[in-house]
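Working notes, structure below.
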Amino acid sequence: MSTDNGPAPTRTVERALTLLVEVATNDGLGLVDLARRVNLSPATASRLLRTLEATEFVRRDDDGAYHGASRLIQVAVTFMGSVPLYRVAEPHLAALRDEAGESAYLGVAGPQETVLYARMAESDKSIRHSGWLGRTVPMKDTAIGTALLDRCGEQGYVTASHALEDGVTAIAAPVHRADGGVAAAISVVGPTFRISDEQVEVIGKLVVARAQTMSRELGTPDSTADV
């Protein structure tokens with residue numbers, strides 16, 4: 001059976017995957033909220049969620065809220081562990097957090113011209129930036145998006161304040177692949193009141209240095225990594 005939107009089995013898979021993404025990125029939502037977010041009837045969403053439950057990709061708690069389950073976690077952990085970029089990023093994000101004194105993030109290209117915050121090292125300061133891990137943000141007019149587009153200019157980094165949240169400043173630089181293309185971007189994000197213009201320059205240099213080292217570890221020639 002087919003409709004103008006394509007074969008029914010294809011639509012079912014697409015809807016199920018869309019629901020799975022909503023559960024994974026908005027932990028703890030109930031059936032009605034999930035159905036509304038993906039523009040499905042509660043009856044259709046319930047049927048698909050039962051299938052995802054049966055295959056252990058999601059679980060429903062006693063209050064009727066849905067959460068990621070063991071199979072989803074297994075896929076995520078296995079994928080993250082098999083990609084060199086994520087392995088390379090971990091120690092550098094931790095070092096950058098310690099050097100800059102603020103939270104550090106790894107961003108990769110997300111769907112529909114967005115950036116996905118894929119990894120982070122969170123600052124231990126009482127007032128700190130957190131909560132963007134797993135979130136997608138617009139590529140346009142954001143520091144990490146501009147870095148991912150490789151538009152940082154001669155200084156090698158880009159900064160933006162109040163772009164995504166009031167009172168927040170981000171400083172980002174691109175990480176290159178062996179072929180010279182941009183693999184990811186790393187950024188330092190913190191409260192604007194704590195990041196003066198002088199601090200922007202200091203942190204910017206730290207971010208660039210870490211991005212260049214990561215690029216070399218991914219196989220980028222020095223002449224490209226140091227651009």
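The values are calculated or read from the model by the stated rules, or taken from the named source; none is laboratory data. Just so it is clear, the structure is predicted and the values come from calculations on it, not from any experiment. Cβ coordinates were reconstructed from backbone atoms using ideal geometry, including for glycine residues, and neighbour counts include every protein chain displayed.
General remarks:
- Residue check for Leu96: more than 30 Å from Arg11 (Cβ to Cβ) and crowded, with 21+ Cβ neighbours inside 10 Å: yes
- Filtered by the rule that a residue be within 15 Å of Leu17 (Cα to Cα) and among the hydrophobic types (A, V, I, L, M, F, W, C), the stretch 39-72 gives Leu40, Ala45, Leu48, Leu49, Leu52, Ala54, Phe57, Val58, Ala69, Leu72.
- Out of Val158, Val108, one residue alone is outside the structural domain of Glu22 (by TED's automatic domain parsing), more than 16 Å from Thr213 (Cα to Cα), crowded, with 16+ Cβ neighbours inside 10 Å and in contact (Cβ under 8 Å) with a residue 60 or more places away in the chain. It is Val108.
- Criterion applied to Leu52, Leu85 was being modelled with pLDDT of 95 or more and either buried (at least 16 other Cβ atoms within 10 Å of the Cβ) or under 18 Å from Leu133 (Cα atoms) (or both), and the one residue passing it is Leu52.
- All conditions in (1) crowded, with 17+ Cβ neighbours inside 10 Å; (2) closer than 25 Å to Pro191 by Cβ hold for Gly68, with the sole exception of (2).
Quick grid of which residues meet (1) in a helix (DSSP H, G or I); (2) of a type in the set (Lys, Arg):
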position	(1), (2)
Leu133	no, no
Lys140	no, yes
Gln155	no, no
Glu165	no, no
Val175	no, no
Gly190	no, no
Glu198	yes, no
Val208	yes, no
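Yes or no, residue by residue, for (1) aliphatic (A, V, I, L, M); (2) under 19 Å from Thr12 (Cα atoms); (3) assigned by TED's automatic domain parsing to the domain that holds Leu133; (4) over 25 Å from the mean Cα position of the chain (by Cα):
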| site | (1), (2), (3), (4) |
| --- | --- |
| Ala35 | yes, yes, no, no |
| Arg50 | no, yes, no, yes |
| Arg59 | no, no, no, no |
| Gly64 | no, no, no, yes |
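- Single residue of the stretch 122-161 satisfying the filter (over 19 Å from the mean Cα position of the chain (by Cα) and at positive phi) that is modelled with the highest pLDDT: Gly156
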